[in-house]
1. Just subtract the alpha-carbon distance of Asp99 and Asp44 from 0.36 nm times their residue separation and send over the number in nm, one decimal.
2. How are the C-alpha pair distances of segment 87-207 spread across 5 Å bins, as whole percents from the shortest bin up?
3. For the chain, give the percent of accessible area contributed by carbon and sulfur heavy atoms, probe 1.4 Å, rounded to a whole number.
4. Compute a Gaussian network model of the chain, connecting alpha carbons closer than 10 Å, and tell me which residue from Gly145, Gly209, Gly219 fluctuates the most.
5. How do Thr90, Thr106 stack up against each other in accessible area, from largest to smallest, with a 1.4 angstrom probe?
6. Need the C-alpha centroid separation for segment 18-62 versus segment 161-212, integer Å.
7. Shape call for the chain from the C-alpha gyration tensor, a ≥ b ≥ c root eigenvalues: rounded (a/c under 1.5), prolate (a/b greater than b/c) or oblate?
8. For the chain, what does the accessible surface come to per residue with a 1.4 Å probe? Please give it in Å².
Amino acid sequence: MTDAETAPTGATPGTDWAAWQISWDQQQEWYLPDREERFRVMLDMVEAAAGPEPRVLDLACGTGSITDRLLKRFPKAQSTGVDLDPALLTIAEGTFAGDDRVTFVTADLKDPDWPALLPHDSYDAVLTATALHWLHTEPLAALYGQIAGIVRDGGVFLNADHMPDPATPRINAAERELRHRRMEEAKAEGAVDWSTWWRLAAADPVLAGPTARRFEIYGEHAEGDTPPAEWHARTLREAGFTEARTVWQSPSDAMVLGLK
(Lines give C-alpha, C1' and ligand atoms only; values in the text may rest on other atoms or scores of the structure.)
Protein backbone atom coordinates (compact mmCIF):
# COMPACT_ATOMS: atom_id res chain seq x y z
CA MET A 1 0.00 0.00 0.00
CA THR A 2 1.35 3.45 -0.89
CA ASP A 3 1.53 6.34 1.57
CA ALA A 4 -1.44 7.94 -0.20
CA GLU A 5 -3.52 4.83 0.49
CA THR A 6 -2.71 4.72 4.19
CA ALA A 7 -5.60 5.97 6.30
CA PRO A 8 -5.65 6.49 10.07
CA THR A 9 -6.81 3.69 12.32
CA GLY A 10 -7.22 3.16 16.03
CA ALA A 11 -9.67 3.25 18.92
CA THR A 12 -12.09 6.15 19.14
CA PRO A 13 -10.15 8.27 21.69
CA GLY A 14 -7.05 8.23 19.46
CA THR A 15 -8.68 8.51 16.06
CA ASP A 16 -6.94 11.11 13.90
CA TRP A 17 -9.94 12.87 12.43
CA ALA A 18 -7.77 15.47 10.71
CA ALA A 19 -6.01 12.68 8.82
CA TRP A 20 -9.35 11.26 7.72
CA GLN A 21 -10.39 14.71 6.52
CA ILE A 22 -7.18 15.04 4.51
CA SER A 23 -7.64 11.60 2.97
CA TRP A 24 -11.24 12.45 2.00
CA ASP A 25 -10.16 15.76 0.47
CA GLN A 26 -7.41 14.05 -1.52
CA GLN A 27 -9.82 11.44 -2.83
CA GLN A 28 -12.33 14.11 -3.84
CA GLU A 29 -9.65 16.23 -5.49
CA TRP A 30 -8.70 13.27 -7.68
CA TYR A 31 -12.13 13.69 -9.29
CA LEU A 32 -12.36 17.48 -8.83
CA PRO A 33 -8.99 19.24 -9.23
CA ASP A 34 -10.74 22.63 -9.05
CA ARG A 35 -12.56 21.76 -5.81
CA GLU A 36 -10.94 24.51 -3.73
CA GLU A 37 -11.72 27.13 -6.37
CA ARG A 38 -15.43 26.35 -6.21
CA PHE A 39 -15.34 26.54 -2.42
CA ARG A 40 -13.66 29.94 -2.61
CA VAL A 41 -16.27 31.33 -4.99
CA MET A 42 -19.05 29.81 -2.89
CA LEU A 43 -17.83 31.60 0.22
CA ASP A 44 -17.30 34.82 -1.74
CA MET A 45 -20.98 34.78 -2.63
CA VAL A 46 -21.99 34.00 0.95
CA GLU A 47 -20.00 37.00 2.14
CA ALA A 48 -21.49 39.19 -0.58
CA ALA A 49 -25.06 38.27 0.36
CA ALA A 50 -24.91 37.52 4.07
CA GLY A 51 -21.76 39.09 5.47
CA PRO A 52 -18.97 37.54 7.57
CA GLU A 53 -21.12 36.04 10.34
CA PRO A 54 -23.64 33.87 8.47
CA ARG A 55 -25.84 31.12 9.79
CA VAL A 56 -25.27 28.33 7.26
CA LEU A 57 -26.94 25.03 6.44
CA ASP A 58 -24.32 22.63 5.05
CA LEU A 59 -26.61 20.38 3.00
CA ALA A 60 -25.48 16.79 2.39
CA CYS A 61 -22.43 17.83 4.38
CA GLY A 62 -20.39 14.62 4.24
CA THR A 63 -17.29 15.01 6.38
CA GLY A 64 -17.96 18.74 6.77
CA SER A 65 -15.69 20.03 4.00
CA ILE A 66 -17.77 23.17 3.45
CA THR A 67 -18.15 23.78 7.18
CA ASP A 68 -14.39 23.49 7.65
CA ARG A 69 -13.67 26.14 5.04
CA LEU A 70 -16.56 28.30 6.22
CA LEU A 71 -15.27 28.51 9.79
CA LYS A 72 -11.66 29.07 8.76
CA ARG A 73 -12.76 32.05 6.67
CA PHE A 74 -15.56 33.29 8.94
CA PRO A 75 -14.75 32.39 12.56
CA LYS A 76 -18.05 33.86 13.82
CA ALA A 77 -20.20 31.82 11.41
CA GLN A 78 -22.54 29.05 12.56
CA SER A 79 -23.10 25.82 10.66
CA THR A 80 -25.69 23.05 10.71
CA GLY A 81 -24.52 19.99 8.80
CA VAL A 82 -27.18 17.61 7.45
CA ASP A 83 -26.48 14.17 6.00
CA LEU A 84 -27.64 10.57 6.12
CA ASP A 85 -24.27 8.86 5.63
CA PRO A 86 -23.25 7.43 9.04
CA ALA A 87 -19.58 7.00 8.12
CA LEU A 88 -19.03 10.51 6.82
CA LEU A 89 -21.04 11.96 9.72
CA THR A 90 -18.83 10.04 12.15
CA ILE A 91 -15.79 11.78 10.67
CA ALA A 92 -17.56 15.15 10.71
CA GLU A 93 -18.68 14.79 14.32
CA GLY A 94 -15.20 13.69 15.38
CA THR A 95 -13.61 16.61 13.57
CA PHE A 96 -15.84 19.29 15.08
CA ALA A 97 -16.37 17.76 18.52
CA GLY A 98 -16.55 20.52 21.15
CA ASP A 99 -17.09 23.32 18.63
CA ASP A 100 -20.34 25.00 19.65
CA ARG A 101 -20.55 26.75 16.28
CA VAL A 102 -21.37 23.44 14.59
CA THR A 103 -24.38 21.12 14.86
CA PHE A 104 -24.97 17.91 12.90
CA VAL A 105 -28.33 16.42 12.01
CA THR A 106 -28.95 12.95 10.59
CA ALA A 107 -31.72 13.25 8.00
CA ASP A 108 -32.84 11.83 4.67
CA LEU A 109 -33.36 14.66 2.16
CA LYS A 110 -35.97 12.52 0.41
CA ASP A 111 -38.08 12.60 3.57
CA PRO A 112 -40.51 15.54 3.24
CA ASP A 113 -40.27 16.18 6.98
CA TRP A 114 -36.47 16.56 7.19
CA PRO A 115 -36.57 20.38 7.72
CA ALA A 116 -38.39 19.83 11.03
CA LEU A 117 -35.18 18.27 12.40
CA LEU A 118 -33.16 21.45 11.95
CA PRO A 119 -32.28 23.57 14.99
CA HIS A 120 -33.25 26.82 13.20
CA ASP A 121 -36.25 27.81 11.10
CA SER A 122 -34.22 29.86 8.63
CA TYR A 123 -30.66 30.29 7.38
CA ASP A 124 -28.65 33.05 5.72
CA ALA A 125 -27.18 30.52 3.29
CA VAL A 126 -27.73 26.91 2.29
CA LEU A 127 -24.64 25.39 0.67
CA THR A 128 -23.98 22.07 -1.03
CA ALA A 129 -21.31 20.65 -3.33
CA THR A 130 -21.02 17.46 -5.37
CA ALA A 131 -23.91 15.78 -3.60
CA LEU A 132 -27.32 16.45 -5.10
CA HIS A 133 -26.54 14.61 -8.36
CA TRP A 134 -27.53 11.55 -6.35
CA LEU A 135 -31.14 12.70 -6.72
CA HIS A 136 -33.33 12.44 -9.80
CA THR A 137 -34.87 15.66 -11.12
CA GLU A 138 -38.32 15.23 -9.58
CA PRO A 139 -37.15 14.82 -5.95
CA LEU A 140 -34.47 17.46 -6.57
CA ALA A 141 -37.11 19.97 -7.69
CA ALA A 142 -39.13 19.14 -4.56
CA LEU A 143 -36.01 19.64 -2.43
CA TYR A 144 -35.45 23.06 -4.02
CA GLY A 145 -38.94 24.02 -2.91
CA GLN A 146 -38.12 23.01 0.66
CA ILE A 147 -34.83 24.93 0.56
CA ALA A 148 -36.69 28.04 -0.62
CA GLY A 149 -38.68 27.83 2.59
CA ILE A 150 -35.53 27.64 4.70
CA VAL A 151 -33.46 30.46 3.18
CA ARG A 152 -34.34 33.86 4.67
CA ASP A 153 -35.34 36.74 2.42
CA GLY A 154 -32.12 38.12 0.97
CA GLY A 155 -30.30 34.87 1.70
CA VAL A 156 -28.72 32.50 -0.81
CA PHE A 157 -28.61 28.88 -1.90
CA LEU A 158 -25.53 27.62 -3.72
CA ASN A 159 -25.20 24.23 -5.41
CA ALA A 160 -21.90 23.23 -7.03
CA ASP A 161 -22.20 19.95 -8.89
CA HIS A 162 -21.90 18.05 -12.16
CA MET A 163 -23.90 20.09 -14.67
CA PRO A 164 -22.75 19.16 -18.19
CA ASP A 165 -24.32 20.90 -21.16
CA PRO A 166 -26.14 18.34 -23.35
CA ALA A 167 -25.96 20.72 -26.32
CA THR A 168 -22.17 20.22 -26.63
CA PRO A 169 -21.54 16.44 -26.78
CA ARG A 170 -18.23 16.66 -28.65
CA ILE A 171 -16.83 19.23 -26.24
CA ASN A 172 -18.04 17.13 -23.33
CA ALA A 173 -16.41 13.98 -24.71
CA ALA A 174 -13.08 15.71 -25.36
CA GLU A 175 -12.99 17.18 -21.84
CA ARG A 176 -13.95 13.85 -20.30
CA GLU A 177 -11.20 12.00 -22.17
CA LEU A 178 -8.53 14.45 -21.01
CA ARG A 179 -9.81 14.49 -17.44
CA HIS A 180 -9.88 10.71 -17.19
CA ARG A 181 -6.41 10.39 -18.70
CA ARG A 182 -5.07 12.73 -16.03
CA MET A 183 -6.95 10.81 -13.34
CA GLU A 184 -5.37 7.53 -14.45
CA GLU A 185 -1.92 9.14 -14.39
CA ALA A 186 -2.53 10.36 -10.84
CA LYS A 187 -3.83 6.95 -9.78
CA ALA A 188 -0.69 5.31 -11.12
CA GLU A 189 1.25 7.63 -8.83
CA GLY A 190 -0.75 6.56 -5.78
CA ALA A 191 -3.95 8.62 -5.79
CA VAL A 192 -6.87 6.94 -4.03
CA ASP A 193 -10.20 6.61 -5.81
CA TRP A 194 -13.73 6.36 -4.35
CA SER A 195 -13.87 2.57 -4.00
CA THR A 196 -10.38 2.32 -2.49
CA TRP A 197 -11.16 5.02 0.06
CA TRP A 198 -14.25 3.16 1.19
CA ARG A 199 -12.30 -0.10 1.48
CA LEU A 200 -9.89 1.71 3.79
CA ALA A 201 -12.80 3.07 5.85
CA ALA A 202 -14.32 -0.43 6.11
CA ALA A 203 -11.01 -1.76 7.43
CA ASP A 204 -10.78 0.87 10.17
CA PRO A 205 -12.06 -0.36 13.58
CA VAL A 206 -13.85 2.93 14.29
CA LEU A 207 -15.42 3.41 10.87
CA ALA A 208 -16.14 -0.21 9.98
CA GLY A 209 -19.61 -0.25 11.55
CA PRO A 210 -20.74 3.13 10.18
CA THR A 211 -19.35 2.18 6.76
CA ALA A 212 -21.32 -1.06 6.70
CA ARG A 213 -24.49 0.86 7.58
CA ARG A 214 -23.67 3.38 4.87
CA PHE A 215 -23.62 0.71 2.18
CA GLU A 216 -26.87 -0.73 3.50
CA ILE A 217 -28.44 2.70 2.90
CA TYR A 218 -26.88 3.65 -0.43
CA GLY A 219 -25.51 0.50 -2.03
CA GLU A 220 -22.33 0.83 -4.07
CA HIS A 221 -23.23 4.16 -5.66
CA ALA A 222 -26.57 5.89 -6.06
CA GLU A 223 -27.43 7.05 -9.57
CA GLY A 224 -29.30 10.31 -10.01
CA ASP A 225 -29.54 12.96 -12.72
CA THR A 226 -27.14 15.68 -13.87
CA PRO A 227 -29.28 18.34 -15.59
CA PRO A 228 -27.53 21.44 -16.98
CA ALA A 229 -27.09 24.64 -15.01
CA GLU A 230 -29.97 26.28 -16.85
CA TRP A 231 -32.36 23.67 -15.47
CA HIS A 232 -31.15 24.35 -11.92
CA ALA A 233 -31.54 28.12 -12.30
CA ARG A 234 -35.02 27.81 -13.79
CA THR A 235 -36.15 25.31 -11.16
CA LEU A 236 -34.89 27.52 -8.35
CA ARG A 237 -36.87 30.48 -9.70
CA GLU A 238 -39.95 28.28 -9.97
CA ALA A 239 -39.36 27.19 -6.36
CA GLY A 240 -39.50 30.77 -5.07
CA PHE A 241 -36.04 32.30 -5.50
CA THR A 242 -36.26 35.79 -7.02
CA GLU A 243 -33.02 35.44 -8.99
CA ALA A 244 -30.88 32.45 -9.99
CA ARG A 245 -27.92 31.97 -12.29
CA THR A 246 -24.52 30.34 -12.71
CA VAL A 247 -21.78 32.05 -10.69
CA TRP A 248 -18.92 29.60 -11.40
CA GLN A 249 -18.26 27.04 -14.10
CA SER A 250 -15.68 24.51 -15.27
CA PRO A 251 -15.86 22.41 -18.45
CA SER A 252 -17.98 19.76 -16.68
CA ASP A 253 -19.27 21.34 -13.46
CA ALA A 254 -21.03 24.53 -12.45
CA MET A 255 -22.29 26.37 -9.40
CA VAL A 256 -25.75 27.90 -9.44
CA LEU A 257 -26.83 30.57 -6.96
CA GLY A 258 -30.41 31.25 -5.98
CA LEU A 259 -31.15 34.56 -4.25
CA LYS A 260 -34.28 34.62 -2.11
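1. Once the chain is fully extended between Asp99 and Asp44, it gains 17.5 nm.
2. For segment 87-207, the binned pair fractions read 2, 8, 11, 15, 17, 15, 13, 11, 6, 1 percent.
3. Heavy-atom surface of the chain belonging to carbon and sulfur, 1.4 Å probe: 52 percent.
4. Comparing Gly145, Gly209, Gly219 in a Gaussian network model of the chain, the most mobile one is Gly219.
5. My answer, sorted largest first, is Thr106, Thr90.
6. 18 Å
7. Since a/c reaches 1.5 but b/c is at least a/b, the shape of the chain is classed as oblate.
8. 47 Å²
The values are calculated or read from the model by the stated rules, or taken from the named source; none is laboratory data. Predicted model, so just to flag it, every value in this text is computed and none were measured. Don't worry about glycine lacking a Cβ; one is built from the backbone with ideal geometry, like all the others, and counts go over all protein chains shown. Please note that ligands, DNA and RNA were not included when accessible areas were found on the heavy atoms of the full protein model with its side chains. Shrake-Rupley method; radii C 1.70, N 1.55, O 1.52, S 1.80 Å.
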